[in-house]
1. May I ask you to say which residue of I135, I88, I150, I171 is surrounded by fewer than 20 Cβ atoms within 10 Å (Cβ to Cβ) and either under 23 Å from E30 (Cβ atoms) or touching a residue at least 40 places away in the same chain (Cβ under 8 Å) (or both)?
2. What's the total number of residues in the range 114-173 that are at pLDDT below 75 and in a helix (DSSP H, G or I)?
3. If Y52 passes every condition in (1) modelled with pLDDT of 90 or more; (2) assigned to a loop (DSSP other than H, G, I, E, B); (3) aromatic (F, W, Y) but one, which one does it miss?
4. Considering only residues of the range 72-129 that are among the hydroxyl-bearing types (S, T, Y) and over 24 Å from A62 (Cα atoms), which is nearest to the chain's Cα centre (by Cα)?
Amino acid sequence: MDMISRRSFLKASIAAASGLVLPSWLVKAENFVSQEERPYLEGLKTHRETLYAFEWDYGGYALSLGQRPDDEPDLDLTWEQFIENYDIGQETFDRWIEEEQVIALKDKVDPDMLLDYWIYEKSPIRKAYHFLESIDLGPDLGCQEGGGGIRFYNGFSPMHDAQYAAAADDITLSLLQKRLNDVSGKIAIELTRAF
C-alpha cells in the first residue's frame, strides 16, 4: 500500500469534496512526483497548444503559452505587417500620420517600439497569465497556506508591470495539467529551460 503525506491527504480531501479530482488520481500523481522528481503530466491526443513551464528564481515554475519564454520576437516588421499582426497597429500608424510623421506601409517599424508592443500584446508569458486568469481553475489550484497553487503576479513593484502566472511546485503543475485536460483537452504542459 502506498503511503501519502499529510499534505497529499488534505489535497485529496479537498479534491474529492469538490468532485474535480479523484483521490486515487492525486495519490498516483503524488507518488509519481515523489519517485520521478518531476510533475505528472498526462498527455492527450487532442493537445494542440503548449503551455511551457520553466523553473525561475522565485521557486516553482513560471508559465509561457504558445512559445518558449526565450524565443525571440520578430522585430523586423513593416508598418503593414505591424497593422496586420498587432491589435494596436492601425491606431499607432494613424496617430503617427496625424502627428505628421512621414511613413509608408512598406517602411520598417522601429524595433524598440515593436519590442514594447510585443511585451504587452504578444509575450508568451503575459499570454499564459491572461489565459489562466480567464479560466476556471477549480479549488485545487488556488494559493494555499503553506504553499501550493497557481500564483498570479501583476507587477512585482511600482514601475515593474510584468505579468506572470506560476505553479508553486510539481504537484501543482500536475493538477494544472489535469484541469486543462478536463476543461478543454487542447493544452499540453511541457517542461523547458528558460533564458
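1. When all the criteria are applied, what remains is I135.
2. So the answer is 3.
3. Result: Y52 fails condition (2) only.
4. Only one residue tops the list, namely Y86.
To keep it simple, each residue is scored yes or no on (1) of a type outside the set (D, E, K, R); (2) without any contact (Cβ under 8 Å) to a residue 12 or more places away in the chain; (3) under 30 Å from L22 (Cβ atoms).
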position	(1), (2), (3)
G59	yes, no, yes
D70	no, no, no
T78	yes, no, no
E84	no, yes, no
L115	yes, no, no
G155	yes, yes, no
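The values are calculated or read from the model by the stated rules, or taken from the named source; none is laboratory data. Given the structure is predicted, the values throughout are model-derived calculations rather than measurements. All Cβ positions, even for glycine, are placed from backbone atoms using ideal geometry, and neighbour counts span all protein chains on display.
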